[in-house]
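Engineer: Here it is, the structure in full.
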Amino acid sequence: MINAGSHLPIPEKDYLTIEQRKIADWYRTAFQQSNISLWLIDLGLLPGKLEEYASRDIRDYHRYFARHLFELLALARQVKVVDINSPTLALYGGNDKANFLEQVSHKHNKDQLEVLKKLVVALLEQRHYFETEATACHEDGHRFKVVMKAIIPETVTDHTRMIISVTSLAQRKKVPQLLFPEQEIYQTFLNNAPVCIHEIDHDGRLTAMNNCGLQMLRLNDVGQILGCRYLSLVADEDKPRIEYLMLRAFKGYSSEFEFQLRCNGELRVFSSCFIPIEENEHKVHRIIGITQDITERKHSEEEMYHQANYDLLTNLPNRSHFTDSVKQALIQARRRRHGLALLFIDLDNFKPINDTYGHAMGDTLLQQVSATIKNSLRKEDLTCRFGGDEFIILLPSIAKRNNAAVVAEKVLRCIQKPINLANHQLSISASIGISTFPEDGDSYETLMPHADMAMYKVKNFGGNNYQFHQIEKTSYKM
């Protein structure tokens with residue numbers, strides 16, 4: 001909820017914690033005291049609608065939306081400019097805030113759609129920083145170039161609000177680069193910002209860092225960090241990449257990146273951006289870095305990804321992950337003109353073992369078998385637990401059909417080896433059905449049932465064997 005007298009993205013005062021009040025005050029100061037144009041936008045239902053686009057196989061979002069302008073226009077209608085500050089009216093030559101908000105929120109010309117397209121792409125690509133040049137129209141009719149910038153929130157959901165800064169290219173030399181006209185106000189902004197903000201000079205040394213940054217690095221005093229080279233804090237494997245981005249920043253290019261940093265012996269993950277600060281003679285003598293600790297978010301994302309894509313018992317890819325992998329492998333197989341095979345495996349007589357020794361023993365056996373199958377394959381091959389005691393192998397690249405038979409023979413031999421579990425020696429075998437691309441189909445939906453049918457033919461003949469989709473191709477018996 002937003003207070004009637006407040007235009008900023010904060011909840012009602014009664015519900016604010018002390019920390020939230022501090023952040024709310026920081027936003028108000030940034031918005032009201034800034035001497036550059038700031039827009040507060042509400043993304044509406046845009047983030048939810050973008051989830052559909054993220055799930056599609058779209059390789060170039062810019063090209064896609066350039067070809068589907070009606071879709072872009074529908075997305076544009078979700079975004080509303082809900083507030084602007086006084087420098088915005090001065091920049092555009094207006095004197096009526098309500099009229100300005102009506103114009104920018106409901107009339108989408110070609111220039112506005114181009115800006116929105118770039119913002120949509122930034123959101124889809126999960127960037128943390130947005131910057132673009134655009135053409136603006138003054139109240140008197142003349143057009144001029146502006147630069148629009150925004151820090152994208154770490155979490156973007158429906159009705160997320162963002163602040164976008166707008167600077168005239170023609171007046172950039174005249175506009176002080178600090179957000180606030182007074183150093184005291186800027187210092188208040190710096191120290192109360194809920195993210196790490198630091199300054200880096202042309203020698204790559206840290207010249208300022210706010211309280212949040214010190215807390216992030218587990219430091220007590222800014223003197224412990226001032227004068228240190230920024231790159232000395234970065235892991236060796238990240239240094240070349242970040243040094244390159246830093247050099248680009250001093251040439252006037254903003255950038256965003258992720259890196260790892262060891263804090264008190266603990267490896268943490270950070271998201272950061274470099275923003276060049278142009279001063280005398282339009283030259284960059286320092287850059288501002290804005291950094292957030294995203295370690296917990298990364299861990300959560302990795303955990304969620306693993307749970308969504310891997311079987312919890314065997315740690316093998318699950319059916320959903322495997323399906324996507326097969327479809328991608330088929331694209332490569334067509335492009336590179338090589339074969340591909342699916343091996344559908346069903347363990348023989350697993351149920352009696354499970355019933356006799358219990359489900360815990362059965363689960364342990366499945367874990368052993370899954371490891372056995374995985375270890376018998378090449379690094380590029382993929383094993384999936386399809387469900388129960390069924391497994392599937394993807395051989396993404398085979399020169400000839402018989403290569404799949406060689407793998408099937410090896411898997412059968414490995415599975416047959418006795419397994420010792422809780423002082424019990426268990427023996428098990430398997431039935432394997434094989435389908436190959438292009439002989440047995442050219443899609444996952446065709447190859448899977450063909451491998452399944454071939455496996456059941458093996459079952460009907462007693463198991464412990466493999467079978468190609470075409471029965472006359474059988475060539476091996478254990």
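The values are calculated or read from the model by the stated rules, or taken from the named source; none is laboratory data. The shown structure was predicted, so the numbers you read here are calculated from the model rather than taken from an experiment. FYI the Cβ positions are ideal-geometry reconstructions off the backbone, even for glycines, and counts take in every protein chain you see.
Engineer: Determine which member of the set PHE437, PHE461, PHE391 is crowded, with 16+ Cβ neighbours inside 10 Å and either outside the structural domain of THR364 (by TED's automatic domain parsing) or over 22 Å from GLN367 (Cα atoms) (or both).
Structural biologist: Details: PHE461 fails: crowded, with 16+ Cβ neighbours inside 10 Å; PHE391 fails: either outside the structural domain of THR364 (by TED's automatic domain parsing) or over 22 Å from GLN367 (Cα atoms) (or both).
Checking each option against the conditions leaves just PHE437.
Engineer: Just to be sure I understand the filter: pairs with C-beta atoms under 7 Å, separated by 6 or more residues or on different chains, first member in segment 448-460 and under 17 Å from ASP348 (Cβ atoms), second member surrounded by fewer than 19 Cβ atoms within 10 Å (Cβ to Cβ). Which pairs pass?
Structural biologist: Taking only residues 6 or more apart or on different chains, the pairs are LYS457/ILE471.
Engineer: Being surrounded by 14 or more Cβ atoms within 10 Å (Cβ to Cβ) and under 18 Å from ALA454 (Cβ atoms) narrows it down to one residue among LEU343, LEU382; which is it? If you could, list the steps in order and put the result at the bottom.
Structural biologist: Numbers: LEU382 fails: under 18 Å from ALA454 (Cβ atoms).
Testing whether each residue is surrounded by 14 or more Cβ atoms within 10 Å (Cβ to Cβ) and under 18 Å from ALA454 (Cβ atoms) leaves just LEU343.
Engineer: Those residues that are closer than 18 Å to GLN332 by Cβ and buried (at least 22 other Cβ atoms within 10 Å of the Cβ), I need them from segment 441-458; list them, please.
Structural biologist: LEU447
Engineer: Another question about this same structure. Please determine whether any residue of segment 348-368 is among the charged types (D, E, K, R) and under 34 Å from the mean Cα position of the chain (by Cα).
Structural biologist: yes
Engineer: Let me ask something additional. Within segment 263-322, can you find the residues that are within 18 Å of TYR129 (Cα to Cα), within 20 Å of the chain's Cα centre (by Cα) and not in a helix (DSSP H, G or I)?
Structural biologist: Of everything in segment 263-322, those that are within 18 Å of TYR129 (Cα to Cα), within 20 Å of the chain's Cα centre (by Cα) and not in a helix (DSSP H, G or I) turn out to be VAL269, PHE270, SER271, SER272, CYS273, PHE274, ILE290, THR291, GLN292, ASP293, ILE294.
Engineer: Looking at segment 198-211 only, could you name the residues that are among the hydrophobic types (A, V, I, L, M, F, W, C) and buried (at least 20 other Cβ atoms within 10 Å of the Cβ)? Lay out the reasoning, then the answer.
Structural biologist: We begin by selecting, within segment 198-211, every residue among the hydrophobic types (A, V, I, L, M, F, W, C); these are 200, 206, 208-209.
Those that are among the hydrophobic types (A, V, I, L, M, F, W, C) and buried (at least 20 other Cβ atoms within 10 Å of the Cβ): ILE200, LEU206, MET209.
Engineer: Is at least one residue of segment 231-247 without any contact (Cβ under 8 Å) to a residue 40 or more places away in the chain, part of a helix (DSSP H, G or I) and polar (S, T, N, Q)?
Structural biologist: Checked against the condition, which is being without any contact (Cβ under 8 Å) to a residue 40 or more places away in the chain, part of a helix (DSSP H, G or I) and polar (S, T, N, Q), segment 231-247 yields at least one hit.
Engineer: Yes or no: PRO194 part of a loop (DSSP other than H, G, I, E, B), touching a helix residue (DSSP H, G or I) at 6+ places or on another chain (Cβ under 8 Å) and either closer than 25 Å to PHE31 by Cα or modelled with pLDDT of 85 or more (or both)? Before you say what the answer is, go through the steps one by one.
Structural biologist: Numbers: part of a loop (DSSP other than H, G, I, E, B): yes; touching a helix residue (DSSP H, G or I) at 6+ places or on another chain (Cβ under 8 Å): yes; either closer than 25 Å to PHE31 by Cα or modelled with pLDDT of 85 or more (or both): yes.
Judged against the criteria, PRO194 is a match.
Engineer: Next question, about the same structure. Which one of the conditions (1) under 20 Å from the mean Cα position of the chain (by Cα); (2) part of a strand (DSSP E or B) does PHE144 fail to meet, given that it meets all the rest?
Structural biologist: Every listed condition holds for PHE144 apart from (1).
Engineer: Of everything in segment 83-121, what is hydrophobic (A, V, I, L, M, F, W, C) and modelled with pLDDT of 85 or more? Give them in sequence order.
Structural biologist: Here is the first cut: in segment 83-121, the ones hydrophobic (A, V, I, L, M, F, W, C) are 84, 89-91, 98, 100-101, 104, 113, 115-116, 119-121.
Correct list: ILE84, LEU89, ALA90, LEU91, ALA98, PHE100, LEU101, VAL115, LEU116, LEU119, VAL120, VAL121.
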